[in-house]
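Trainee: One structure is given below, represented as structure tokens, and several questions about it will come after.
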2 protein chains.
Amino acid sequence: MEALKQAIRDIPDFPKEGILFKDITPALEDRVVFRKMIDALRARYKDQKIDAVAGIEARGFVMASALAYVLGAGLVLIRKPGKLPYQTHRKTYALEYGTDAMEIHVDSLKTGQNVLLVDDVLATGGTIAAAVDLIQSNFKANIVEVAFMVELDFLKGREKLKGTNVLIHSMVNF
Amino acid sequence: MEALKQAIRDIPDFPKEGILFKDITPALEDRVVFRKMIDALRARYKDQKIDAVAGIEARGFVMASALAYVLGAGLVLIRKPGKLPYQTHRKTYALEYGTDAMEIHVDSLKTGQNVLLVDDVLATGGTIAAAVDLIQSNFKANIVEVAFMVELDFLKGREKLKGTNVLIHSMVNF
């Protein structure tokens, strides 16, 4: 996905000084790159009997929605606390300073379903590790793979998933 | 879209007492309903030369992403303040108590582009009126239509857009 890599923009000092942020929005706005990205993911997963694509708020929704459509799957939203209106399971996880949490509706996944979990960027891995645990602790569903648009290799986020048995796929690496 | 209407779940007293919230997540999770919804929107807009589909954070991203894909358009994100990393235009708007704001990257739209603006629910109309103004004040782009999954007729949100010249489409009305 060289076209995707080329379309990602570096933003220095965002969200705070010293961080070089990978801005994916130019890749989404480019109709050719966006289509190529979704088509590549479709090709990867089309024979895997994916029942549901779960996206992590908010940029994860972007990949998850188009991907759920092309795979003929349902779309599941993993959201920040207080955003989902029905009964939820919640997972609290550590940040650099303090904690954060995410939720999923208790009836979002069914036993035996094949789930593809997606987010935009794999950085330190804290968010995705929490999302994997949220699913594995509360549902008898199978996480087929975790897919990212971008992986920041130097942050070693993959290591946070070592204790689980999930596979990881990144479209581009920096 | 009777199937969509049937799939939407009522949640009493969310986000606060006295409000009957329309939960769209069961419609997204149902692969058949989700596909029908996107296909119906594709049929409506496929001959309109849509260049970009703009979605409003966060549930608006869900319709916008799959729709951008099926229309062969780019995807533009309208986000809450501080979330977009590059230079932005900002629109502040009034809430029942206090104010809120939304942003768009300054290079997200180009002169002459046809834009489809989407969000999940048309309620009081404050958010969508702000989004329309954000686009019309800062870009020479044409808003082809504003599309919603759900419109809550009794809140009269349409009236907030009367001063603009935009067309409004809702898939289901309550």
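The values are calculated or read from the model by the stated rules, or taken from the named source; none is laboratory data. Since this is a predicted model, take the numbers as computed values, not measurements. Because the Cβ atoms are built from the backbone with ideal geometry, glycine has one as well, and the counts that use them run over all protein chains shown. To get the accessible areas, we keep the full protein, side chains included, count just its heavy atoms, and leave off ligands, DNA and RNA. Shrake-Rupley method; radii C 1.70, N 1.55, O 1.52, S 1.80 Å.
Trainee: Go through the stretch A:122-138 and give me each residue that's part of a loop (DSSP other than H, G, I, E, B) and open to solvent by 20 Å² or more (accessible area, probe 1.4 Å).
Mentor: Step one: filter the stretch A:122-138 for residues part of a loop (DSSP other than H, G, I, E, B), giving A:123-125.
A:ALA123, A:THR124, listed by residue number.
Trainee: Moving to a separate point now. I'm checking my understanding of the structure. Among residues of the stretch B:20-59 that are within 9 Å of chain A (Cβ to nearest Cβ) and under 14 Å from the mean Cα position of the chain (by Cα), which one is most open to solvent (accessible area, probe 1.4 Å)?
Mentor: My answer is B:ARG59.
Trainee: Would you point out the residue of the stretch A:61-100, among those that are aliphatic (A, V, I, L, M) and in contact (Cβ under 8 Å) with a residue 40 or more places away in the chain, that is farthest from the other protein chains (Cβ to nearest Cβ)?
Mentor: Going through the qualifying residues, I end up with A:ILE78.
Trainee: In addition: Go through (1) open to solvent by less than 30 Å² (accessible area, probe 1.4 Å); (2) in a helix (DSSP H, G or I) and name the single condition B:VAL115 misses.
Mentor: (2)
Trainee: Within the set of pairs 6+ apart or on separate chains, which have a first residue in the stretch B:11-27 that is in contact (Cβ under 8 Å) with a residue 24 or more places away in the chain, a second that is open to solvent by 30 Å² or more (accessible area, probe 1.4 Å) and not β-branched (Val, Ile, Thr), and C-beta atoms under 8 Å apart?
Mentor: Close Cβ pairs (under 8 Å, with a partner that is open to solvent by 30 Å² or more (accessible area, probe 1.4 Å) and not β-branched (Val, Ile, Thr)) amount to B:LYS22/B:ARG9; B:LYS22/B:ASP10; B:LYS22/B:PHE174; B:ILE24/B:ARG59.
Trainee: Any idea how many residues of the stretch A:99-112 are surrounded by fewer than 20 Cβ atoms within 10 Å (Cβ to Cβ) and either out of contact with any His (no Cβ under 8 Å at 6 or more places or on another chain) or of a type in the set (S, T, N, Q) (or both)? Let's see the steps before the verdict.
Mentor: Of the stretch A:99-112, the ones surrounded by fewer than 20 Cβ atoms within 10 Å (Cβ to Cβ) are A:99-101, A:106-107, A:110-112.
Among the residues that remain, those that are also either out of contact with any His (no Cβ under 8 Å at 6 or more places or on another chain) or of a type in the set (S, T, N, Q) (or both) are: A:99-101, A:107, A:110-112.
Of the residues in that region, 7 qualify.
Trainee: Run A:ALA141 past the list (1) within 12 Å of chain B (Cβ to nearest Cβ); (2) surrounded by 16 or more Cβ atoms within 10 Å (Cβ to Cβ) and report the number of the one that doesn't hold.
Mentor: (1)
Trainee: Go through (1) closer than 24 Å to B:GLY112 by Cβ; (2) of a type in the set (Phe, Trp, Tyr); (3) surrounded by fewer than 16 Cβ atoms within 10 Å (Cβ to Cβ) and name the single condition B:TYR69 misses.
Mentor: It fails just one condition, (3).
Trainee: Quick one: would you say A:TYR45 is aromatic (Phe, Trp, Tyr) and touching a residue at least 40 places away in the same chain (Cβ under 8 Å)?
Mentor: Yes: the conditions hold for A:TYR45.
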